[in-house]
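Visitor: Before I ask anything, here is the structure I am working with.
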Amino acid sequence: MKKTRGDGFVYQPTYTDKRTGEQKKTSTWWVQYFVKGTRFRASSNSRNRQKAEAFLQQRLKAAAQGDPVGSKAGKTTFEDLAKILLDDYRANGRRSAERVEDAVRHLRRFFAETPAGQITSDLIARYVRLRQEEQQAAPGTINRELSALRRAFRLAQSAGKIASRPDIYMLPEDNRREVSFEADEFHAVLENLPEYLRPVIQTAYMTGWRIKSELLTRQKLHVDLDSGCLRLEPTQTGDARGRSFPLTVELREILTRQIEKTAELERGTGRVVPWLFHRDGKPIKDFRKAWALACQRAGVAGKVPDDFRRTAVRNLERAGVPRSTTMAIVGHRSESIYRGIAMNDDMTLRESVAKLAAFHKSGKTS
């Protein structure tokens, strides 16, 4: 065994001849070296020691330049990148894991088993064009997918799986979505939804609460019919006080009917169903297809469930509820959501014009 320059050496492994029991050396030279504390061994596939030493120096040079090393060097594919990314999100319990999984599904349809080294900026630009032109994806949606891909490359590079990363550029986007539902639009969508989804969608329309994280996580115990409120615990809001939404007559009827139907299901099946909203006793996980189809049939394709947040705030504003109260029960920490409402709500504009006309008519301008 002879050491060479650097952090490795070449050697001929020994083995025991099974027939004679004699210790022998292989005719092929191997190399051993360390990269960031990790030991790597590889055959030089040569019986010539000088060639083995040259092979070792190539490996050490590649490692010094940050190139991937080891037996899988250069073999990393998109699927490897996806696994590294998803494992990182799941291991760290990130709240956005579901969103990243959704991004990976879209990316996978395009990149599939593409080697990581072939995922260039040009190929990524083609992916963006496909999402924009053929699939009509919004800039914000595409940016979330690009962010997931960029993080996957960073994690893979840190793990020594790839040598370099492509440049990934985000699309310009306006994060202020100024879309809400009018009553007739909402009822049109509601009529086209499956029966099990209607109660949670009606509740979202009235409360403005986030469907996935705040409504689909509600259990029956979070409905207090005596005090008349729907509750979110402090641990679920990031606010030490938690949050509650007062039950209007209509909302009380919806939730009471939902609890009664759940009790009937429990009696018929012998199961305990803790969830307030469910599908045959099981938690509702994904309703995107049902939602998209209902919106298409209702003639409001492109609207998303999060539009109910703006809708609820607008309705409360129209009803004359103080902004501080609205922000507290819907869950907004700033008044930024009111900017679009004040500028784009036709009813508010008409009411404002009427008030201004009445003011001028009263003669109080002087």
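Visitor: Going by what's in this entry, would Glu250 be described as within 18 Å of Val313 (Cα to Cα), acidic (Asp, Glu) and modelled with pLDDT of 90 or more? Spell out the reasoning first.
Guide: Values: within 18 Å of Val313 (Cα to Cα): yes; acidic (Asp, Glu): yes; modelled with pLDDT of 90 or more: yes.
So Glu250 fits the description; yes.
Visitor: If you take the residues in the stretch 233-247 that are surrounded by fewer than 13 Cβ atoms within 10 Å (Cβ to Cβ) and not in a loop (DSSP other than H, G, I, E, B), which one is modelled with the lowest pLDDT?
Guide: Thr235
Visitor: List pairs: first residue in the stretch 195-218 and more than 25 Å from Ala97 (Cα to Cα) and not assigned by TED's automatic domain parsing to the domain that holds Arg99, second residue among the basic types (Lys, Arg) and surrounded by fewer than 21 Cβ atoms within 10 Å (Cβ to Cβ) anywhere in the structure, Cβ distance under 8 angstrom, at least six positions apart or on different chains.
Guide: Cβ pairs passing all conditions: Tyr196/Arg279; Pro199/Arg257.
Visitor: Going through Val272, Val223 one at a time, which residue ends up being over 26 Å from the mean Cα position of the chain (by Cα), of a type in the set (A, V, I, L, M, F, W, C) and more than 27 Å from Ile329 (Cα to Cα)? Reasoning before the result, please.
Guide: Working: Val223 fails: more than 27 Å from Ile329 (Cα to Cα).
Exactly one of Val272, Val223 is over 26 Å from the mean Cα position of the chain (by Cα), of a type in the set (A, V, I, L, M, F, W, C) and more than 27 Å from Ile329 (Cα to Cα), namely Val272.
Visitor: Between a first residue in the stretch 36-55 that is assigned to a helix (DSSP H, G or I) and a second residue that is among the aromatic types (Phe, Trp, Tyr), which pairs have beta carbons less than 8 Å apart while being 6 or more apart in sequence or on different chains?
Guide: Arg49/Trp29; Lys51/Trp29; Ala52/Trp29; Ala52/Trp30
Visitor: Another question, then. Restrict the check to the stretch 170-177 and report whether at least one residue is within 23 Å of the chain's Cα centre (by Cα) and buried (at least 20 other Cβ atoms within 10 Å of the Cβ). First the steps, then the outcome.
Guide: First pass over the stretch 170-177, keeping only residues within 23 Å of the chain's Cα centre (by Cα): 170-177.
Filter once more, keeping what is buried (at least 20 other Cβ atoms within 10 Å of the Cβ): none.
There is no residue in the stretch 170-177 that is within 23 Å of the chain's Cα centre (by Cα) and buried (at least 20 other Cβ atoms within 10 Å of the Cβ).
Visitor: If I ask for residues that are at pLDDT 95 or above and in contact with an Asp or Glu (Cβ under 8 Å, 6 or more places away or on another chain), which ones from the stretch 179-201 would you list?
Guide: Tyr196, the sole residue that qualifies.
Visitor: From the list Lys303, Lys285, pick out the single residue that is over 19 Å from His187 (Cβ atoms) and part of a loop (DSSP other than H, G, I, E, B).
Guide: That would be Lys285, the only listed residue that is over 19 Å from His187 (Cβ atoms) and part of a loop (DSSP other than H, G, I, E, B).
Visitor: Which residue out of Arg309, Arg314, Arg339 is basic (Lys, Arg), modelled with pLDDT under 85 and in a helix (DSSP H, G or I)? Working first, answer last.
Guide: Values: Arg309 fails: modelled with pLDDT under 85; Arg314 fails: modelled with pLDDT under 85.
Criteria check complete, one pass: Arg339.
Visitor: Given (1) over 28 Å from Arg59 (Cβ atoms); (2) of a type in the set (Val, Ile, Thr); (3) modelled with pLDDT of 90 or more, identify the lone condition not met by Thr141.
Guide: (3)
Visitor: Taking Leu265 and the conditions (1) over 21 Å from Leu190 (Cα atoms); (2) crowded, with 19+ Cβ neighbours inside 10 Å; (3) hydrophobic (A, V, I, L, M, F, W, C), which numbered condition does it fall short on, given that it satisfies the others?
Guide: Failed condition: (2).
Visitor: Residue under question is Gln135, and the condition is that it be over 30 Å from Val35 (Cβ atoms) and either assigned by TED's automatic domain parsing to the domain that holds Asp286 or β-branched (Val, Ile, Thr) (or both); does it hold? Even if it seems obvious, please write down each step before you answer.
Guide: Details: over 30 Å from Val35 (Cβ atoms): yes; either assigned by TED's automatic domain parsing to the domain that holds Asp286 or β-branched (Val, Ile, Thr) (or both): no.
No.
Visitor: Based on this model, can you work out whether Arg94 counts as at pLDDT below 85, among the charged types (D, E, K, R), outside the structural domain of Arg288 (by TED's automatic domain parsing) and buried (at least 16 other Cβ atoms within 10 Å of the Cβ)? Explain how you work it out, then say what you get.
Guide: Numbers: at pLDDT below 85: yes; among the charged types (D, E, K, R): yes; outside the structural domain of Arg288 (by TED's automatic domain parsing): yes; buried (at least 16 other Cβ atoms within 10 Å of the Cβ): no.
Answer is no for this residue.
Visitor: Does Ser147 count as of a type outside the set (A, V, I, L, M) and surrounded by 14 or more Cβ atoms within 10 Å (Cβ to Cβ)? Steps first, answer last, please.
Guide: On the way: of a type outside the set (A, V, I, L, M): yes; surrounded by 14 or more Cβ atoms within 10 Å (Cβ to Cβ): yes.
So Ser147 fits the description; yes.
Visitor: Inside the stretch 138-224, counting only helices (runs of 4 or more DSSP H) that do not spill past its ends, which hold 3 or more residues that are over 21 Å from Val304 (Cα atoms)? Step through it out loud before you land on a result.
Guide: Values: elements: 139-158, 183-191, 198-207.
Filter on the stretch 138-224 gives 139-158.
Visitor: Considering only the stretch 278-287, I want to know if a residue exists there that is more than 16 Å from Pro199 (Cβ to Cβ) and either modelled with pLDDT under 90 or buried (at least 17 other Cβ atoms within 10 Å of the Cβ) (or both).
Guide: Applying the first criterion (more than 16 Å from Pro199 (Cβ to Cβ)) to the stretch 278-287 yields 285-286.
Pick out the ones that are also either modelled with pLDDT under 90 or buried (at least 17 other Cβ atoms within 10 Å of the Cβ) (or both) and you get 285-286.
Scanning the stretch 278-287 turns up at least one residue that is more than 16 Å from Pro199 (Cβ to Cβ) and either modelled with pLDDT under 90 or buried (at least 17 other Cβ atoms within 10 Å of the Cβ) (or both).
Visitor: Are any of the residues in the stretch 78-94 of a type in the set (Ser, Thr, Tyr) and outside any helix (DSSP H, G or I)? Break it down stepwise before answering.
Guide: We begin by selecting, within the stretch 78-94, every residue of a type in the set (Ser, Thr, Tyr); these are 89.
This time we only want the ones that are outside any helix (DSSP H, G or I), so: none.
Checked against the condition, which is being of a type in the set (Ser, Thr, Tyr) and outside any helix (DSSP H, G or I), the stretch 78-94 yields no hits at all.
The values are calculated or read from the model by the stated rules, or taken from the named source; none is laboratory data. Just so we're clear, the structure is a prediction, and the values are computed from it rather than from any experiment. Every residue, glycine among them, receives a Cβ derived from its backbone with ideal geometry; neighbour counts consider all protein chains shown.
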